[in-house]
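The values are calculated or read from the model by the stated rules, or taken from the named source; none is laboratory data. For clarity, every value in this text was computed on a predicted model and none was experimentally measured. Cβ placement follows ideal geometry from the backbone for every residue including glycine, while neighbour counts extend to all protein chains displayed.
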Amino acid sequence: MNAVVVTGLGVVAPNGLSTEEYWNATLAARSGIGRITRFEPERYPATLAGEIRGFEPAAHLPGRLVPQTDHSTRLSLVAADEAVRDAGLDTGQLPEYGVGVVTANSAGGFEFGHQELDNLWRKGPEYVSAYQSFAWFYAVNTGQISIRHGLRGSSGVLVADEAGGLDALAQARRLLRRDLDAVLTGAVDGSLCPWGWIAQTSTGQLSTAEDPALAYRPFDERAAGFVPGEGGAILVVEDEAKARARHAPRIHGRILGHAATFDPRPGTVPADDASALTRAVELALADAGAVPDDIDAVFADAAGVPHLDRAEAAALGAVFGARELPVAVPKTLTGRLCAGAGPLDVATALLALRDGVLPPAAHTQPSPRYGLRVVVGRPLELRLRAVLVVARGLGGFNSAMVVGASH
Amino acid sequence: MPELTMGELTRILRECAGEGEGVAHDGEFADTLFTDLGYDSLAVLETASRLKRDYGVELTDDEVVDVGTPARLLELARRQIAARS
């Protein structure tokens with residue numbers, strides 16, 4: 001079976017608006033978490049988020065696209081642009097139906113939808129934008145990326161909350177095995193508007209802390225929820241033989257394996273049950289043809305919610321035993337980016353593989369009770385060949401992916 | 001409400017659907033197909049809904065889709081406004 005390689009990266013994150021900016025900030029443990037500025041959060045139980053600040057759409061996108069796009073769609077277009085540039089992909093040179101787009105989304109263009117609902121309620125139906133017909137929708141980022149780059153191969157969108165981003169990469173890999181030459185895939189997500197915020201706060205899993213340094217502390221004794229954020233990553237993935245045939249400027253690494261499972265029905269098992277997540281990790285390793293000893297580090301889902309942290313630690317313990325693999329949690333610097341989290345972790349893992357270094361987690365003091373060797377304080381230099389990325393979505397989605405170095 | 005001129009229509013179009021692409025002169029703009037200006041059917045539909053809101057101009061969906069150019073859209077709208085007064 002041909003290898004699936006990543007040839008392009010595009011990152012938009014609260015601590016960096018390009019791949020290298022994000023990577024430098026992440027290695028320096030610069031956080032993008034702060035009090036929400038995009039709306040007044042005073043009346044809500046949670047007031048912190050990882051916002052992408054200072055983003056001027058007109059500086060990155062044609063004017064025609066601005067009135068018809070949500071903030072998160074604009075960000076996804078910027079990430080896709082960077083990924084295409086990074087991959088040196090000349091889509092005009094590829095077969096007409098050879099390149100597809102597969103993204104994930106948890107909410108769609110919520111802020112856009114919020115504004116149009118506001119127009120409908122305050123002013124009347126004739127004030128609702130015609131662009132509402134698609135701008136709010138889950139599939140909108142796939143569609144806009146496809147239109148902007150003229151990509152007409154098989155495309156789609158996956159919705160599985162925070163697990164969906166990894167599932168999108170897995171779907172892209174399936175399409176490459178079928179007949180596509182390349183796929184733009186990943187997710188840029190986030191719904192930091194009042195309408196999105198009530199949906200997120202309703203889960204009861206958000207940190208109510210007001211100090212960014214005390215808010216999102218996964219695997220810490222004092223963990224009490226997480227901070228959401230916006231952003232993510234878009235990747236160009238290709239069949240390795242085809243990427244080499246077109247002399248792709250660089251190969252960031254390989255997608256080696258993936259699996260997704262679903263948790264048992266709530267109430268039938270303890271809340272910290274790890275069986276389905278364990279199974280996802282085992283199946284992802286099997287799909288990669290790897291044994292636990294082949295994995296050099298884990299990028300954890302790191303919910304920051306005690307029973308979910310226990311479940312993840314138990315799953316990693318069940319698969320890797322007493323090895324105490326290094327665990328990276330760069331999302332402590334950005335917040336949890338919904339569907340964007342998995343692809344951003346994969347992008348970060350590829351940069352870690354490239355540079356032989358794991359970024360430190362911020363703010364957290366890992367408790368020994370979890371038995372995890374969470375990287376904190378400063379970057380950890382080590383030889384990396386293969387890395388496991390874990391992502392879980394609200395309601396029982398589990399997804400695990402194995403990525404490997406390019407060599 | 002200001003008189004509906006090409007300048008005013010252009011302003012509405014930009015507000016609804018963003019800047020068009022690559023047209024230097026106003027005369028050229030008015031007679032260039034919406035599709036060549038980078039405006040798709042939804043952009044024209046959005047503009048038509050603003051004309052209805054601000055000028056009471058009622059165009060059918062078919063008229064909007066077939067209208068072709070800014071000059072033709074202006075002509076249709078002005079004819080309705082004139083017939084009313």
Looking at (1) surrounded by fewer than 19 Cβ atoms within 10 Å (Cβ to Cβ); (2) away from chain B (no Cβ under 14 Å), can you tell me which one A:VAL102 breaks?
(1)
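To keep it simple, each residue is scored yes or no on (1) in a loop (DSSP other than H, G, I, E, B); (2) farther than 19 Å from A:HIS60 by Cβ.
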{"residue": "A:VAL11", "(1), (2)": "no, no"}
{"residue": "A:GLU20", "(1), (2)": "no, no"}
{"residue": "A:GLY34", "(1), (2)": "no, yes"}
{"residue": "A:ARG43", "(1), (2)": "yes, yes"}
Within the stretch A:299-307, is there a residue that is on the phi > 0 side of the Ramachandran plot, of a type in the set (A, V, I, L, M, F, W, C) and modelled with pLDDT of 95 or more?
yes
Of everything in the stretch B:27-63, what is part of a helix (DSSP H, G or I) and more than 10 Å from chain A (Cβ to nearest Cβ)? Give them in sequence order.
B:GLY27, B:GLU28, B:PHE29, B:ALA30, B:PHE34, B:THR35, B:ASP36, B:LEU51, B:TYR55, B:ASP61, B:ASP62, B:GLU63
Among the residues of the stretch B:65-75, are any in a helix (DSSP H, G or I), among the polar types (S, T, N, Q) and modelled with pLDDT of 90 or more?
no
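B:GLU19: acidic (Asp, Glu) and within 14 Å of chain A (Cβ to nearest Cβ), yes or no?
So B:GLU19 passes the test.
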Which of the following residues is over 21 Å from the mean Cα position of the chain (by Cα) and either surrounded by 15 or more Cβ atoms within 10 Å (Cβ to Cβ) or not in a helix (DSSP H, G or I) (or both): A:GLY289, A:GLY257?
A:GLY289
Residue among A:ALA160, A:ALA172, A:ALA139 that alone is closer than 25 Å to A:HIS114 by Cβ, surrounded by 22 or more Cβ atoms within 10 Å (Cβ to Cβ) and within 21 Å of the chain's Cα centre (by Cα)
A:ALA160
Flag if A:GLU282 is under 22 Å from the mean Cα position of the chain (by Cα), modelled with pLDDT of 95 or more and surrounded by fewer than 22 Cβ atoms within 10 Å (Cβ to Cβ):
yes
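Answer yes or no as to whether A:HIS407 is over 21 Å from A:TYR216 (Cα atoms) and either more than 21 Å from the chain's Cα centre (by Cα) or of a type in the set (Gly, Ala, Ser) (or both).
yes
So that you can scan it fast, the table gives a plain yes or no per residue for (1) hydrophobic (A, V, I, L, M, F, W, C); (2) in the same structural domain as A:ARG148 (by TED's automatic domain parsing); (3) buried (at least 23 other Cβ atoms within 10 Å of the Cβ); (4) assigned to a helix (DSSP H, G or I):
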position: A:PHE55; (1), (2), (3), (4): yes, yes, no, no
position: A:GLN68; (1), (2), (3), (4): no, yes, yes, no
position: A:SER76; (1), (2), (3), (4): no, yes, yes, yes
position: A:ALA80; (1), (2), (3), (4): yes, yes, yes, yes
position: A:ALA83; (1), (2), (3), (4): yes, yes, yes, yes
position: A:GLY92; (1), (2), (3), (4): no, yes, no, yes
position: A:PRO95; (1), (2), (3), (4): no, yes, no, no
Any hit, the stretch A:159-167, residues being in a strand (DSSP E or B), more than 21 Å from A:ILE52 (Cβ to Cβ) and either touching a residue at least 40 places away in the same chain (Cβ under 8 Å) or not assigned by TED's automatic domain parsing to the domain that holds A:VAL78 (or both):
yes
The correct count of residues that are of a type outside the set (Asp, Glu), in a helix (DSSP H, G or I) and either within 30 Å of A:GLN93 (Cβ to Cβ) or not assigned by TED's automatic domain parsing to the domain that holds A:ASP81 (or both) in the stretch A:198-244 is 4
The condition of being within 14 Å of chain B (Cβ to nearest Cβ), part of a loop (DSSP other than H, G, I, E, B) and more than 19 Å from A:ALA80 (Cα to Cα) holds, among A:SER129, A:SER133, only for A:SER129
Looking only at the stretch B:3-31, which residues are more than 18 Å from A:GLY63 (Cα to Cα) and modelled with pLDDT of 80 or more?
B:GLU3, B:LEU4, B:THR5, B:MET6, B:GLY7, B:GLU8, B:GLU28, B:ALA30, B:ASP31
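Picking from A:ILE234, A:ILE198, which residue would you name as being farther than 14 Å from A:THR47 by Cβ and in contact (Cβ under 8 Å) with a residue 12 or more places away in the chain?
The match here is A:ILE234.
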Okay, strands (runs of 3 or more DSSP E) sitting entirely in the stretch A:323-406 with 2 or more residues that are out of contact with any Lys or Arg (no Cβ under 9 Å at 6 or more places or on another chain) and not hydroxyl-bearing (Ser, Thr, Tyr), I get A:386-393, A:397-404
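Results for (1) within 19 Å of A:PRO14 (Cβ to Cβ); (2) among the charged types (D, E, K, R); (3) at pLDDT 95 or above, shown as yes or no for each residue.
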{"residue": "A:LEU65", "(1), (2), (3)": "no, no, no"}
{"residue": "A:ASP70", "(1), (2), (3)": "yes, yes, yes"}
{"residue": "A:ARG74", "(1), (2), (3)": "yes, yes, yes"}
{"residue": "A:VAL78", "(1), (2), (3)": "yes, no, yes"}
{"residue": "A:PRO95", "(1), (2), (3)": "no, no, no"}
{"residue": "A:VAL102", "(1), (2), (3)": "no, no, yes"}
{"residue": "A:GLY108", "(1), (2), (3)": "no, no, no"}
{"residue": "A:LEU120", "(1), (2), (3)": "no, no, yes"}
{"residue": "A:ALA130", "(1), (2), (3)": "no, no, no"}
Among the candidates A:LEU192, A:LEU151, A:LEU184, single out the residue that is at pLDDT 95 or above, in a loop (DSSP other than H, G, I, E, B) and within 17 Å of A:LEU75 (Cβ to Cβ).
A:LEU192
Looking at A:PRO67, is it under 22 Å from the mean Cα position of the chain (by Cα), within 14 Å of chain B (Cβ to nearest Cβ) and not hydroxyl-bearing (Ser, Thr, Tyr)?
no
Output the number of residues of the stretch A:97-126 satisfying the condition of being in contact with a Lys or Arg (Cβ under 6 Å, 6 or more places away or on another chain) and in a helix (DSSP H, G or I).
1
Residues in the stretch A:25-74 that are within 27 Å of B:ARG50 (Cβ to Cβ) and aliphatic (A, V, I, L, M): how many?
5
